[in-house]
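Asker: Below is a structure I'd like to ask you about.
The values are calculated or read from the model by the stated rules, or taken from the named source; none is laboratory data. Given the structure is predicted, the values throughout are model-derived calculations rather than measurements. Reconstructed Cβ throughout: ideal geometry from the backbone, glycine too, with neighbour counts over all protein chains shown.
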Amino acid sequence: MSRDEKKESILVVDDAPDTLELLKRNLTSQGYKVYTSSGVSGAIKILESAHIDLVITDLKMPEISGLDLVKHVRENFKNTEVMMITGYASVNGAVEAVKSGAEEYLAKPFTDQELFSAVRSVIEKLHIRRSTNSVTIPQKYDTYGLLGKSDAMNEVFRAIPKISSSNANVLITGESGTGKELVARAIHYNSGRASSPFVPVNCGGIPEGLLESELFGYVKGAFTGATESRAGFFQTADGGTIFLDEIGEMSLSMQVKLLRVLQDKEVCMVGATKTRKVDVRILTATNKDLFGLVKKGVFREDLFFRLHVITISIPPLRDRKDDILFLAQHFADKYAKEMGIAAPRFGEKALEVIRNYNWPGNVRELENVIQRLIVMNEGEPIEVPDLPSLMRFSALRETGLTRTLEDVETEYIRNVLESVNGNKTRAAEILGIDRKTLREKLKHR
């Protein structure tokens, strides 16, 4: 079951029976498992007997207040979040709730959508925090450097043994930095060719004029400077596997020669008159749309169908968010160990930015960023200002584009109030409004 299908457990605490019933009905309709209690004492008993992800509590209740419950949860249940609701909204109440440990603060009356949005926000932060606690890399995730626990990566892990058991040509697709060569190595070393060579070739990194001689070799005197015969990558890989990365960069003339190798299982060295038999499994990879290149006439259709007998797609990091913090912690542990230091802790806001960043360079970019953070770290925890500026600005842009103006304004007002310890006069000065306007804005938050 994926995380989105799981039913998080929510405990609602309110001394008003109608409110309890309404919240239970609404939250249950969203797939949450809901417990209710009319007081703090009963809520504590439920917390001790059931797993609770989120506590939603009223502020003012007889005998023991909601603030006391917030403090109790923070002191005793580190994997449970808290959200405060109240019909007696005030600046001081909001500030005190946040200081006590409440992640969100909702003033009654609120709409269903406001409730659902706040709950989703809190639970998302809870998942971020949980995903970095005591990360242990299971053995199956650490094979040949392939790491991940998301459903998308589990699909890749399940495909590798099946693909390895055959000799069919394989096309590995995925964006730059997703780990296509790691998948190719895993296929080779899980196959019957594991004891023979694995030869990786970056087709885009070899000049066009040299690619033929590099792949197929050359004989002495074949061209100026060929003072001796030399085997190419295909001969080196004989009995094993050759991995042709960036196959989409290969010219049409070289594609014809590669097609001949695929058809005849023979290579002809540059300058030679006879071909040589080779027993090589061919794995290829690209970060381009090969079929799109076929339609444009820059990649041969017959070669395309020869290469992609089996296709395996590596998902981009932005589509496997469950893996982002998992990988970040792994790389932090890795580079801290290399430096002989303890892995630093990440602040929750920094983790939120890391998880929500788009990662155009995928796992390679993530690893480079984490390595830089470990090398440059001057003390715990690693916070948002420590992250590369591009990530910080990206987070700012994404936040601004996915939230309503009211949400952004509300958060800013709360942050200002908290920074001045609830002093409304000072907060109004910073915000550039008078106290009356501030009070009016708070009434509707």
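Asker: Please enumerate the residues belonging to segment 305-325 that are surrounded by fewer than 17 Cβ atoms within 10 Å (Cβ to Cβ) and under 20 Å from residue 242 (Cβ atoms).
Answerer: 305, 309, 310, 311
Asker: Tell me whether segment 93-103 contains one or more residues that are within 30 Å of residue 320 (Cβ to Cβ), at pLDDT below 90, assigned by TED's automatic domain parsing to the domain that holds residue 121 and not hydroxyl-bearing (Ser, Thr, Tyr). Quick ask: steps written out before the conclusion?
Answerer: Narrowing segment 93-103 to residues within 30 Å of residue 320 (Cβ to Cβ): 103.
Remaining after also requiring at pLDDT below 90: 103.
The next check asks that each one be assigned by TED's automatic domain parsing to the domain that holds residue 121; those that pass are 103.
From what's left, not hydroxyl-bearing (Ser, Thr, Tyr): 103.
Scanning segment 93-103 turns up at least one residue that is within 30 Å of residue 320 (Cβ to Cβ), at pLDDT below 90, assigned by TED's automatic domain parsing to the domain that holds residue 121 and not hydroxyl-bearing (Ser, Thr, Tyr).
Asker: Right, something else. Condition test on residue 341, is it at pLDDT 75 or above and surrounded by 14 or more Cβ atoms within 10 Å (Cβ to Cβ)?
Answerer: Values: at pLDDT 75 or above: yes; surrounded by 14 or more Cβ atoms within 10 Å (Cβ to Cβ): no.
The answer is no for residue 341.
Asker: Also, quick follow-up: Suppose we keep only residues that are in a helix (DSSP H, G or I) and of a type in the set (Lys, Arg) within segment 57-92. Which one would you say is modelled with the lowest pLDDT? Spell out the reasoning first.
Answerer: Restricting attention to segment 57-92, the residues satisfying the condition of being in a helix (DSSP H, G or I) are 66-76, 91-92.
With the extra rule that they be of a type in the set (Lys, Arg), the set shrinks to 71, 74.
Details: 71: 83, 74: 80.
The residue in question is 74.
Asker: Taking the conditions exactly as written (part of a helix (DSSP H, G or I), of a type in the set (Phe, Trp, Tyr) and at pLDDT 75 or above), does residue 157 satisfy them or not?
Answerer: Numbers: part of a helix (DSSP H, G or I): yes; of a type in the set (Phe, Trp, Tyr): yes; at pLDDT 75 or above: yes.
So residue 157 passes the test.
Asker: Any chance segment 339-354 includes a residue that's on the phi > 0 side of the Ramachandran plot and not in a helix (DSSP H, G or I)?
Answerer: For segment 339-354, residues on the phi > 0 side of the Ramachandran plot and not in a helix (DSSP H, G or I): present.
Asker: Could you name every one of the helices (runs of 4 or more DSSP H) located completely within segment 356-425 that has at least 3 residues being modelled with pLDDT of 85 or more and either out of contact with any Phe, Trp or Tyr (no Cβ under 8 Å at 6 or more places or on another chain) or surrounded by 15 or more Cβ atoms within 10 Å (Cβ to Cβ) (or both)? Show your work before the answer.
Answerer: Numbers: elements: 362-376, 389-402, 405-419.
Those helices (runs of 4 or more DSSP H) span 362-376.
Asker: Might you check whether a residue that is outside any strand (DSSP E or B) and touching a Gly at 6+ places or on another chain (Cβ under 8 Å) occurs anywhere in segment 31-52?
Answerer: yes
Asker: Residue 217 - would you say it is crowded, with 18+ Cβ neighbours inside 10 Å and at positive phi?
Answerer: Details: crowded, with 18+ Cβ neighbours inside 10 Å: yes; at positive phi: yes.
Taking the combined requirement at face value, the residue satisfies it.
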